[in-house]
Amino acid sequence: MQYLVNWKALFKDLFKKLVAILGSIFMALSVLEFVNSDYEFGKAFKHIEMFHIPIIVAVIIVASFLYALIVSLASKFSAITITDKEVLGRNYFGFKKAIPFAQITKAYHHNDRGFESIVLFGGSFLNSIYFPVFLIEIDSAVERLKQENITIED
């Protein structure tokens, strides 16, 4: 059975994280500039007019939206297929891999730069399958792996 990626949920999660991160960076840099100018607003922000702030906020939101959309749509290629004998998916570098159940030595959660995934380790780094936790039927996929005596470590 093929398990597709829920790209809409991934998009929402990634968009929220990006807006929070980029907004926090903008705020931190603004506060740092204000402190470095001895708390003089005019001196700290002489290069920024008041109408620039909504433009900067809009750029942060639009950039986050576009990046999250591109990444979430590209994640549709991360779908996995579980057959009677093996798991088909993509490795860390995006290449297709097929690992028989007998070769999977361990399975564990992995969080790499905000992208949560489950790794099916097939004996080496290159012979592993990474699939996102944003699968449409993630519970069914995990249950199918449990049927093959593959437990996912936290």
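Every read-out reported here was derived from the displayed coordinates using simple, explicitly stated rules and does not represent laboratory data. Values in this document were obtained by computation on a predicted structure and should not be read as measured data. Every residue, glycine among them, receives a Cβ derived from its backbone with ideal geometry; neighbour counts consider all protein chains shown.
Restricting the range 78-127 to residues that are farther than 19 Å from ASP139 by Cα, without any contact (Cβ under 8 Å) to a residue 24 or more places away in the chain and polar (S, T, N, Q), which is surrounded by the most Cβ atoms within 10 Å (Cβ to Cβ)?
It comes out as THR105.
For the range 53-62, state whether one or more residues are touching a helix residue (DSSP H, G or I) at 6+ places or on another chain (Cβ under 6 Å), surrounded by 13 or more Cβ atoms within 10 Å (Cβ to Cβ), within 30 Å of ALA102 (Cβ to Cβ) and β-branched (Val, Ile, Thr).
No, every residue in the range 53-62 fails to be touching a helix residue (DSSP H, G or I) at 6+ places or on another chain (Cβ under 6 Å), surrounded by 13 or more Cβ atoms within 10 Å (Cβ to Cβ), within 30 Å of ALA102 (Cβ to Cβ) and β-branched (Val, Ile, Thr).
For the range 12-60, name all the residues that are touching a residue at least 60 places away in the same chain (Cβ under 8 Å) and either of a type outside the set (A, V, I, L, M) or over 25 Å from SER75 (Cα atoms) (or both).
Of everything in the range 12-60, those that are touching a residue at least 60 places away in the same chain (Cβ under 8 Å) and either of a type outside the set (A, V, I, L, M) or over 25 Å from SER75 (Cα atoms) (or both) turn out to be ASP13, LYS17.
Kindly list the number of the only condition in (1) in a helix (DSSP H, G or I); (2) over 19 Å from ALA141 (Cβ atoms) that fails for MET50.
Only one criterion in (1) in a helix (DSSP H, G or I); (2) over 19 Å from ALA141 (Cβ atoms) is unmet by MET50, namely (1).
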